Amino acid sequence: MQCSANGLQQYEGPDSGLLLAQALQKRTANSGDKFAVYLRLSMLDAKNRQNYHVDTAKYAVTVLCAELDGELYVFDNSDMILLLPDAEAAAVEVMTKRLRDLFSGLITLLPGTILESLCRWYDLTIQGDQFEDVCRPLTNSRDAVNARAAPPPASIKNAEPINPELLSRLERGLATIDVSSFLRRQPICKILPGLGTHPKHLASEIYVRVNDLRDTILPGVDLLENRWLFRHLTAGLDQRVLAAILENIQANLRTPISLNMNIKSVMSPEFTQLVRLLSPSQREKITIEIHCVDLIADPGAFRFVHAYLSNIGFELALDGTDLYSFPEFARHDVGFNYVKVGWNEALENDLALSDLQLLDRAVSQLGADKVILCHCGTPEALQFGHRVGVQYFQGRHIDEILSPESRRTN
């Protein structure tokens, strides 16, 4: 599968080895890339090589390469190779360090491996042969070997990326559609252990349910499966959501709200307009959620946005952590009012007693009043949260507790 966004081409699936072999063949013909980055997720133990970790790594690469042209190859063993024709060595070195930092302390490597081996960069002008040797297990399939001796098949050579066309259709649709009709509210509530405990409302996250938008603009396309497309989409979508909120500020701020935004959106003219129209007391009713990958990908931009939002009265939430990564983010508390932890039944089943104890300590260390367990779709999520000291919850099960007869699904 080939897709692209912001100049970065992604190749994923059974043809990845063949396509990488072709790219390396171009390099030997003096028309290839200057630098390469090898992210060896196959070195992670199985617990830390879930789809979540692979998706997070791909998402981080798109953030880090937002201004770069390049090619990303994703393999069946979860390894990733990034070829960069025009980047500077210093930028590649910084990106490699940040990719390592993404997993540092959050993962367990296979025995006998070290963190530096997880992600390395190569200067292909002087390390090209070494890099080809490293890649040989990925390119040494029968198809990849044949690709070195034959021109690329017409179906590959003439293939047009799917995403630019979809992206164009999405952007045209977003420019004309009434986003306000797609806005949803999902409550975040304090629920203490014990029978008969009634949820106490903290805030409501205002968001667009992407599947509803997809069914209107691009039915049959899984937007969430493609992080490249989804990230580009959310930048424009954030601004449309802000515009919809601005149209009826008083109604939208009757109770506290939470908005999930990327750093670029926070610096947009629409957000500046929202700030100007809000009184200090109204700003205190809004929590801005920032994804943890945005924090890691550009710490400088994050620090600026953190200071800016805090100084003008907004509360901040860190979004995107999971049951494994949350303890590390809790240990390095960087000043969020809340941290959102995604509950996942499959991950919970893999947790050892030591993992549960680590979660319990992390909640206590950060403060139970600062942790929100989200994506709670079943009663088991609530029970799990109470086991590790969580008091705030969000998800479909909470919706059902508050409105058991509602047929609308968030």
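Structure data summary
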quantity: Contacts under 6 angstrom Cβ, first residue in the stretch 200-224 being modelled with pLDDT of 70 or more, partner buried (at least 16 other Cβ atoms within 10 Å of the Cβ) and small (G, A, S), 6 or more apart; calculated: A203/S258; E205/S258
quantity: Per-region count, the stretch 249-268, residues touching a residue at least 40 places away in the same chain (Cβ under 8 Å) and either out of contact with any Asp or Glu (no Cβ under 9 Å at 6 or more places or on another chain) or not assigned by TED's automatic domain parsing to the domain that holds G313 (or both); calculated: 2
quantity: Search result, residues across the stretch 244-257 that are more than 17 Å from F182 (Cβ to Cβ), touching a strand residue (DSSP E or B) at 6+ places or on another chain (Cβ under 9 Å) and not hydrophobic (A, V, I, L, M, F, W, C); calculated: T255, P256
quantity: Residue list for the stretch 365-410, filter: among the polar types (S, T, N, Q) and within 26 Å of the chain's Cα centre (by Cα); calculated: Q365, T378, Q391, Q394, T409, N410
quantity: Checking F384 against (1) over 25 Å from A57 (Cβ atoms); (2) part of a loop (DSSP other than H, G, I, E, B), the condition it does not meet; calculated: (2)
quantity: Subset of the stretch 347-386 that is more than 24 Å from P199 (Cα to Cα) and small (G, A, S) - its residue that is modelled with the highest pLDDT; calculated: S354
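The values are calculated or read from the model by the stated rules, or taken from the named source; none is laboratory data. The model shown is predicted, which means the values in this text are computed figures rather than measured ones. Counting neighbours? That spans all protein chains shown, and the Cβs are built from the backbone with ideal geometry, glycine included.
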